[in-house]
Amino acid sequence: MSDVAREKEDPSSIERLARWTLAPASAYRAERPLQQAKLLILDSIGCALAAAASGGVQNVVELAHELAGPPEATVIAGGKVAVLNAVLANGALVRVFDLNDIMFMETEGHLVVGGHRSDNIPVGLAMAEKLGSTGTELLEAIIMGYELYGRLRALTRYPCAFDGTSVSGFVAAAMAGRLMGLDGRRQAHALALGACRCLTPRIVRQGRLSAAKSIANALIAQSGVEGALLAEKGVTGPLEILDVEDVGLQIFLDRSRSMDSLWAPLPSRPEIMDAHVKSFPCIGTAQTTVQAALQLHPQVRGRFDDIERITIFMADRPFVRDQQADLDRRYPQSREAADHSFTFLPAVALLDGELTLRQFENSRWNEPLVRRLMQRISLEGAPDLNQRAPDTMPSRVCVLLRNGEEFIAECIYPPGHSGENGLDSHVVIAKFQAVAKPMLGPLERQAVIDGALGLDAANCIDDFMALLACKSGNGGRSARSTAGSAKAGS
């Protein structure tokens, strides 16, 4: 059926959704959501710079440069490449150390992880640079992307055989199409094409974790952007993909729930206001566990051999219980598994009094003392923690010594938690200063901070992106020439 004929019929769900992704909304230009988006951009760039300095996903970045193409968009800590290659490289850099943002959401009455939606900020940066978009247009696309991600995740079947990042096929296409100024018809085909390639099996985030954990969203986002670029040239996608039975996406999205929620008006408090910044390079459900363990470090320092038992009490939720029961995470054998391990993370935090990228060097999870502490850890659920913090993943760490002494610490809300007014800018800036230091000197870091926080006044983002093309600084190392880099999957 031609598009002209379709216009005489009721629009499909994907067409309704496309119109929503292009529509203006006052919440997109409200002060607090704009400030939240700027802070999340700054945080994401810090995550990417940290990865570039240490050689994270070095092989993915190398491939982006080898494929090159027209100089349309900047690879963070590198030169310019074609926009699709920049989306892949920067998406991997932002995600690889599990240091970017985290969100939570309610599913069937239980709090679960609602994704790392800053995974798609590289889409906005790359497309805005390619197209010469204003800073405000970039910020609006990001706010819309966060909202769409959440709405799609709310319709996702739970439990599901597919990873939550699958929704980024829609989100990346929608963000790209909005920045490109596509009309409703072409935007619908962009979303349909993005949806065709989106489904990713959940194994990428379970069992013996591989590099796919770090690049899954980048691959999906790259495909989504490609869908928008194809739609601009008139390529069509299956507009019934959200509506037909058996051969659509019903295996992933639950059509028994109201699809109207996808294109409902934007609320005054959009989803982006509930994005939290991670303080530590690890899984979001362990942020409070690490913080509590760090609080106990001064009390147990030098007494590690005297520890009889360590009990980790976490929010008593099905999602957390599933993670606690994952045996491959209990004794990790890779960097990817270690930053998802509820035993390694508190053990090394107790030992070192910090959890930074340094704690993952030299395969610390195989160190005898670390393994002894891991063996003494038991994982429990604590319903009282759910009641005290129903919107987050709180934790309590109890350390019992052989002489009967017991030390207890709790963390209900980690430092990067978004409150009523969103993120604390001081927390985000302090984190950026710390993680970007290996790549950028003090003046360079301040220039990036000022540039990110001033994006809403930028006529285009070229000058800002030029700040990110650093090859080295302050003794930092080039993302393309790091000696002995820790490649993804190593």
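What the table below lists for this structure:
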read-out: Efficiency of FRET from Cβ geometry, R372 and L443, R₀ 41 Å, rounded to 0.05; value: 0.35
read-out: Calculated from backbone phi, Karplus (6.51, -1.76, 1.60) coupling profile of the stretch 428-443 in Hz, x at Gly/Pro; value: 5, 5, 4, 5, 4, 4, 6, 7, 8, 4, x, 9, 10, x, x, 5
read-out: Cleavage-rule hits, GluC sites (Glu not before Pro), the stretch 223-299, DSSP coil, Cβ neighbours within 10 Å at most 11; value: E245
read-out: Spin-label pair S425/D391, simplified geometry with 7 Å Cα→Cβ offset, distance in nm; value: 2.1 nm
read-out: Table column - 3J(HN,Hα) (Hz), the stretch 206-216, Karplus curve with 6.51, -1.76, 1.60, x for Gly and Pro; value: 9, x, 7, 4, 10, 5, 4, 4, 7, 10, 4
read-out: Candidate aspartates and glutamates for bridging to K130, where Cα separation is under 14 Å - those fewer than 8 sequence places away on the same chain excluded; value: E72, E226, D462, D463
read-out: Inter-centroid distance (Cα atoms) of the stretch 96-129 relative to the stretch 286-326, Å; value: 25 Å
read-out: Helical mean residue ellipticity (222 nm; -39500 (n - 2.57) per DSSP H run of 4+; nearest 500) of the chain; value: -13500 deg cm²/dmol
read-out: Extension gain from D243 to E308, taking 0.36 nm per residue of separation minus the Cα-Cα distance; value: 17.7 nm
read-out: Net dipole in debye of the chain [+1 Lys, Arg Cβ; -1 Asp, Glu Cβ; about Cα centre; nearest 20]; value: 1040 debye
read-out: Proximal charge balance of T356 [Cβ under 13 Å; K/R count +1, D/E count -1]; value: 0
read-out: Computed over the stretch 284-411: relative contact order in percent, which uses C-alpha pairs under 8 Å that are six or more apart; value: 43 percent
read-out: Cα gyration tensor, the stretch 342-416 - rounded (a/c under 1.5), prolate or oblate; value: oblate
read-out: Modelled FRET efficiency - R0 60 Å, S261 with R301, Cβ distances, 0.05 increments; value: 0.75
read-out: Distant-in-sequence amide H partners of T107 (H built 1.01 Å from N, under 5 Å); value: V112
read-out: Global form of the stretch 284-411, assessed from the alpha-carbon gyration tensor, a/c cut-off 1.5; value: oblate
read-out: The stretch 1-85: C-alpha gyration tensor shape, a/c 1.5 cut-off, then a/b vs b/c; value: oblate
read-out: Centre separation in Å (Cα based) which lies between the stretch 40-86 and the stretch 440-458; value: 18 Å
read-out: The chain: relative contact order as a whole-number percent, Cα under 8 Å and 6+ apart; value: 24 percent
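Read the figures in this text as sums done on the coordinates, not as results from a lab. Please read all numbers here as calculations on a predicted model, not as lab measurements. Neighbour counts are summed over all protein chains in view; Cβ atoms, including those assigned to glycine, are modelled from backbone coordinates with ideal geometry.
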